[in-house]
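**Q** Take a look at this one; I'll ask things after.
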Amino acid sequence: MTKMTFSELDYRDKVSRLVSWGHWFTFANALIAMAVALGFVFVAGIPDTILAQLFLVIYWAGHFSFITFIIFLVLLFPLAFILTKPLIMQIASAVLASIGVSLLIADLLFFNAYRLHLNLFAFELALSPEGGLLDLELWQAGALFSGLFIVELIIGMWLWRRPTRSTTRKWARTTAAALTVSFFLSHFIHVWADALFYTPITSQQHYFPLSYPATAKTFLREHGWVDVDKYAKEFREQTLSNKTLEYGKSKLPLQAPQSRPNVLLIVIESWRSDMLNEEATPNLHQLAQSGLNYKNHFSGGNNPQEGLFSLLYGIPATYMDNIKRTHTPPVISSAFESANYQQVAFTSSRKLGETLSDTAFSKFDIVQGGDPALGNAANDTNIVRNWRKWVKSRDMQTPYFAVVGFSSPSNFATPTSYNSPFQPDFEGVHLFSDTDLLDQVQLSNRYKNSLHYVDSLIPQVLAPLTKDASLEHTLVIVTSDHGMQLSDKNSNHWGYNSNYSSYQTQVPLIYVAPDVGASEITKLTSHYDLSAQLIKQLYGSNIDTKALTSGIALVSDGVHPWLFLGNDKYFAILETDRLTELKMSGQYKIYTRQNKRDREARLRVTPMREVLEELRRFYGNSQ
């Protein structure tokens, strides 16, 4: 009996043959993808534990075999019903496979350079006239694609001509079953590791592109299968060694500090930049006239945690999770400790204890303002009382670094008996309960009154320093963690932590020092700059702070071309002429410095490249 040629087969048999070929072609490309993906492992680093290494192998095999199978299901399988001529099908499949492998290689190059995976804005930058982020010339990309296409076409033609034996089919079914088991097993293992906070496994979720391993903490907690809260507590209490975080490992100068002034840092929560004025904050306005008044200063975030983190650590909040995991204190706190400073923090805010007490304030004595049930205004009064008591009893021979935090403005609070100068005023404000019912004028007045109240406490904070003659040996720094938006220009944005407009991120900064005159500074400055300034204040202006912080010393000629605001999921790049808000999923919006949306503007390569480099600078080569 003569064997029929492909052209003699009916349509159904042709499709069946092409689908069978597509399976083998997909399997070949799964092996190619897995080979390329080994590069991600070498870049990210092989885990230390045997269990994590086993998971990595299982996840690597299951993840990339699943992705290639999905591509077959979505693209090659439908094509088999349309392109029934083998050569055309092979050419089309080779083109699709070459595109896929090219993107995987590009993602590997991007991951190697920035420890991030490609997304929509990265593609736009790569295609921009300024040049791409990967330093890949057009001819190089073309040569890569052409080479891959030739290889894919050869593989496709060879598989078409290769006879399929029964033993081969059996081996293929076994391999496919093993890869399928690997895919599901890797997700089950990750569910377990995530519930038990086993970071050698959970930290691998960012190794590969399109990686979204399963989690089920809530489900496991509800069914009582895992005591998630217990493991969460153990995770917070243990000090995990993280070899990749380089922040804090650069050694401070061995020489003794050149000067040891007292440092008083006053942080007023939710104080926006335009509220440093003679009406709302007269005492602070007068204080600003006696020192440096930074008029173009920005927090490192739009919420309390990121703002305070950027102020004390001098690096972006993208490092915060690693800082918490390793319990790494701020460089400036370590510098003060080595200089034998006493470090103390006075606060009425629960945010301090919930987020940074084990890290940023680990070397501090923390003095709480009182019972949170008393309210922010009463606790702010208690803070002043505790501060004055501490100043009176402290060792005058030991310099100090003191952080005094006031929280009334974040809750629009004033004492019941306070004579509020701005009217009409709300009796009470529930800011986020029903913003549609808020009156902008009354709300603005309530906010101003809370600032006016805190401002009235400032002379009481400084009075004991004047009395014991220590003020002339003290750096006084006053700023905020973030701003406050009051539906400015009818934007219907209230409060903070919703965008990176100047209303939520631009804050006052007053710097009063014995050896510094009075001046208004209009250059772009950031919370990152404070740690650089204080280190130079201790060890002299010649010390290089680049290895210690992302900032530039406040009292210097250095200028920021851009500032990073936010975290690793939603952030902004502030430049002198515009603000770009981005999400790591790829969406972005560009605004003028007047907070107006600019729909014609496009991303800029240079600041984006520099931002991505800064976000990995304090990680070791293995991160």
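The values are calculated or read from the model by the stated rules, or taken from the named source; none is laboratory data. Because the structure is predicted, anything quoted here is derived from the model rather than measured. Reconstructed Cβ throughout: ideal geometry from the backbone, glycine too, with neighbour counts over all protein chains shown. To get the accessible areas, we keep the full protein, side chains included, count just its heavy atoms, and leave off ligands, DNA and RNA. Shrake-Rupley method; radii C 1.70, N 1.55, O 1.52, S 1.80 Å.
**Q** Taking the stretch 1-13 on its own, how many of its residues are in a helix (DSSP H, G or I) and either modelled with pLDDT of 75 or more or of a type in the set (Ser, Thr, Tyr) (or both)?
**A** Summing the residues that are in a helix (DSSP H, G or I) and either modelled with pLDDT of 75 or more or of a type in the set (Ser, Thr, Tyr) (or both) in the stretch 1-13 gives 4.
**Q** Take residue 392 and tell me if it is more than 18 Å from residue 530 (Cα to Cα) and either part of a strand (DSSP E or B) or modelled with pLDDT of 85 or more (or both).
**A** In short, yes.
**Q** Scanning for something hydrophobic (A, V, I, L, M, F, W, C), modelled with pLDDT under 80 and over 25 Å from residue 510 (Cα atoms), does the stretch 351-362 turn up at least one residue?
**A** Of the stretch 351-362, the ones hydrophobic (A, V, I, L, M, F, W, C) are 352, 356, 360-361.
In the following step, the residues that additionally are modelled with pLDDT under 80 were identified as 352, 356.
Right, trim to over 25 Å from residue 510 (Cα atoms) and you get none.
Looking through the stretch 351-362, none of the residues is hydrophobic (A, V, I, L, M, F, W, C), modelled with pLDDT under 80 and over 25 Å from residue 510 (Cα atoms).
**Q** Can you pull out every residue in the stretch 252-277 that is of a type in the set (Asp, Glu) and either touching a strand residue (DSSP E or B) at 6+ places or on another chain (Cβ under 7 Å) or open to solvent by less than 30 Å² (accessible area, probe 1.4 Å) (or both)?
**A** 269
**Q** Here's something else I'd like to know. I'd like to verify a number: residues in the stretch 501-558 that are among the small types (Gly, Ala, Ser), in contact with a helix residue (DSSP H, G or I) (Cβ under 6 Å, 6 or more places away or on another chain), buried (at least 24 other Cβ atoms within 10 Å of the Cβ) and over 30 Å from residue 488 (Cβ atoms), how many?
**A** 1
**Q** Check the stretch 118-134 and report whether any residue there is modelled with pLDDT under 80, assigned to a loop (DSSP other than H, G, I, E, B) and within 26 Å of residue 324 (Cβ to Cβ).
**A** Scanning the stretch 118-134 turns up at least one residue that is modelled with pLDDT under 80, assigned to a loop (DSSP other than H, G, I, E, B) and within 26 Å of residue 324 (Cβ to Cβ).
**Q** Now for a separate question. I want to confirm something. Restricting to the stretch 575-620 and keeping residues that are part of a strand (DSSP E or B), open to solvent by less than 60 Å² (accessible area, probe 1.4 Å) and of a type in the set (D, E, K, R), which single residue is nearest to residue 297 (Cα to Cα)? So that I can check it myself, show each step before the final result.
**A** We begin by selecting, within the stretch 575-620, every residue part of a strand (DSSP E or B); these are 575, 578-583, 588-592, 597, 619.
Still in the list and also open to solvent by less than 60 Å² (accessible area, probe 1.4 Å): 575, 578-582, 588, 590-592, 619.
Add one more test, that the residue is of a type in the set (D, E, K, R), and what stays is 575, 578, 581.
Numbers: 575: 12, 578: 15, 581: 18 Å.
Among those that are part of a strand (DSSP E or B), open to solvent by less than 60 Å² (accessible area, probe 1.4 Å) and of a type in the set (D, E, K, R), it is 575.
**Q** Does the stretch 364-373 contain any residue that is under 28 Å from residue 498 (Cα atoms), outside any loop (DSSP other than H, G, I, E, B), modelled with pLDDT of 90 or more and of a type in the set (Gly, Ala, Ser)?
**A** no
**Q** Return yes or no: is residue 248 under 26 Å from residue 202 (Cβ atoms), at pLDDT 95 or above and part of a loop (DSSP other than H, G, I, E, B)?
**A** So residue 248 fails the test.
**Q** Related question: Look at the stretch 439-458 and say how many of its residues are open to solvent by 60 Å² or more (accessible area, probe 1.4 Å) and part of a helix (DSSP H, G or I).
**A** Looking only at the stretch 439-458, we keep the residues that are open to solvent by 60 Å² or more (accessible area, probe 1.4 Å), and these are 439-441.
If we keep only those that are part of a helix (DSSP H, G or I) as well, we get 440-441.
So the count comes out to 2.
**Q** Further question on the same structure: Criterion first (open to solvent by less than 70 Å² (accessible area, probe 1.4 Å), under 28 Å from the mean Cα position of the chain (by Cα) and not basic (Lys, Arg)) does residue 79 satisfy it? Steps first, answer last, please.
**A** Working: open to solvent by less than 70 Å² (accessible area, probe 1.4 Å): yes; under 28 Å from the mean Cα position of the chain (by Cα): no; not basic (Lys, Arg): yes.
When the stated conditions are applied, residue 79 does not pass them.
**Q** When residue 548 is evaluated against the numbered criteria (1) assigned to a loop (DSSP other than H, G, I, E, B); (2) over 20 Å from the mean Cα position of the chain (by Cα); (3) of a type outside the set (D, E, K, R), which criterion, by number, is the only one it fails?
**A** Residue 548 satisfies every listed condition except (2).
**Q** Hey, could you check the stretch 82-95 for residues that are among the aliphatic types (A, V, I, L, M) and loosely packed, with under 15 Cβ neighbours inside 10 Å and say which is modelled with the lowest pLDDT?
**A** 82
**Q** Regarding residue 537, is this residue modelled with pLDDT of 95 or more and in a helix (DSSP H, G or I)?
**A** No: the conditions fail for residue 537.
Residue by residue, here is whether (1) under 30 Å from residue 161 (Cα atoms); (2) in contact with a Pro (Cβ under 7 Å, 6 or more places away or on another chain); (3) open to solvent by 20 Å² or more (accessible area, probe 1.4 Å) holds:
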position	(1), (2), (3)
27	yes, no, yes
32	yes, no, yes
46	no, no, yes
56	no, yes, no
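**Q** Taking the conditions exactly as written (of a type in the set (Gly, Ala, Ser), surrounded by 16 or more Cβ atoms within 10 Å (Cβ to Cβ) and modelled with pLDDT under 90), does residue 22 satisfy them or not? Give the derivation first.
**A** On the way: of a type in the set (Gly, Ala, Ser): yes; surrounded by 16 or more Cβ atoms within 10 Å (Cβ to Cβ): yes; modelled with pLDDT under 90: yes.
Yes, satisfied.
**Q** Could you list all residues from the stretch 552-574 that are of a type in the set (Phe, Trp, Tyr) and either free of Cβ contacts under 8 Å to residues at least 12 places away in the same chain or in a loop (DSSP other than H, G, I, E, B) (or both)?
**A** Within the stretch 552-574, no residue meets the criteria.
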